[in-house]
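K.L.:
Pasting in a structure now, in structure tokens, and then I'll have a few things to ask.
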Amino acid sequence: MVSLFPPSGPSLPPFRSLLISGPYHPSAPVHLLLSFIRREATTRAILLSPSRSSLRAALVDQNEDWLNTQGSHGSVFSCASRCEILYPPSPAHLVALLSMLHEYNGTYHHPKTTLPAAPSLLVLHEVSALLTESSTVSTYLTLITHAMSAVRSWAAQSSTPILLAVFDTALLDLRLPIIRIPNHEMNPLEAANTASERTESVLFLAEKYFDWSGRAEEEKNLSSSLPEASSSIIPRLQRQLSMRRPRYRDHAEITWKWAEERREVKDTIFLFS
């Protein structure tokens, strides 16, 4: 069962490519990796994130109960050992890394880019954090296509499908220009205002590349919808994740709703409604 949640949560539908945008729970990529790797003893995965400190800070702030209590168990540790995490800090670094990652063929070995075996899952984390002021829609989509090209390259040498998942909080509201045209007749302020008016939703275009697209939403400071919640549980926030297939208009949408509640000991638990 592949999932974005601890084992008690719902499982994902089968996918070849998955896009999660909006304020998803920080542990979602971790649960995807662990649940995917757990299926087979030889499965490996790669997570590419722009910042080690940001990823760590988000997980520490969430302070999830299941990871705290189960993360050090042997079976979970074994799964985690088969996941490689790398931190390319810029679009150029990400593209270079994707082009250099390779399975060892007996000739060339690099400690960072040579893999003992081709991964079965590639996860990109917070791609929009790599963007700069000069980025366009094409910048973002190019990073996605590079990742898909890497997956196809690995899949050509593998007997099993290789999956791609992208998690990006800011993508839900991200708008970028299609193209930036410098206008030397305008002063910088006018040029900036003109550029900001010619923007497009990156999510609208990006999700067409994926089998499944999930949009997360959150509402803070809501009381739990579960009437039997213990008095020792302090409501933190409620989230919703709506999953749909962008290329299949008639396909039914899947929606999950849950509350993330913090107990007196400060660790977060998931309560599904």
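K.L.:
Sorted by average packing, counted as other Cβ atoms within 10 angstrom per residue and highest first, what order do 43-50, 202-209 take? Don't jump to the answer; show the numbers that get you there.
P.N.:
Details: 43-50: 21.1, 202-209: 19.0.
Output ranking for 43-50, 202-209: 43-50, 202-209.
K.L.:
Taking K and R as +1 and D and E as -1, what net charge do the other residues with C-beta under 15 Å from the C-beta of Ser78 add up to?
P.N.:
On the way: positive: Arg38, Arg39, Arg44, Arg82; negative: Glu40, Glu84.
Charge balance in the 15 Å sphere: +2.
K.L.:
Return a whole-number percent for the relative contact order of the range 17-215, with Cα pairs under 8 Å and 6 or more residues apart as the contact set.
P.N.:
Values: 278 pairs, mean separation 62.4, N = 199.
Computed over the range 17-215, the figure is 31 percent.
K.L.:
Taking H as built 1.01 Å from N, whose amide H comes closer than 5 Å to the amide H of Ile20, not counting residues under 5 places away?
P.N.:
Residues meeting the criterion, in which the H sits 1.01 Å from N, are Val166, Phe167, Asp168, Gly214.
K.L.:
Counting only Cα atoms, I'd like the Rg/Rh figure for the range 17-215, Kirkwood definition for Rh.
P.N.:
1.02
K.L.:
One-quarter of the Cα convex hull surface for the range 12-123, in nm²?
P.N.:
Its Cα hull, projected and averaged over all orientations, spans 8.2 nm².
K.L.:
Another one. Pop out the ³J(HN,Hα) list for the range 140-147 in order, Karplus 6.51 cos²θ - 1.76 cosθ + 1.60 with θ = phi - 60°, rounded to Hz; leave Gly and Pro as x.
P.N.:
5, 5, 5, 5, 5, 5, 4, 5
No value in this document is a laboratory result; all are computed from the given coordinates. Nothing here was measured: the structure is a model prediction, and the numbers come from that model. When we count neighbours, we look across all protein chains shown, and the Cβ atoms used for this are built from the backbone with ideal geometry, even at glycine.
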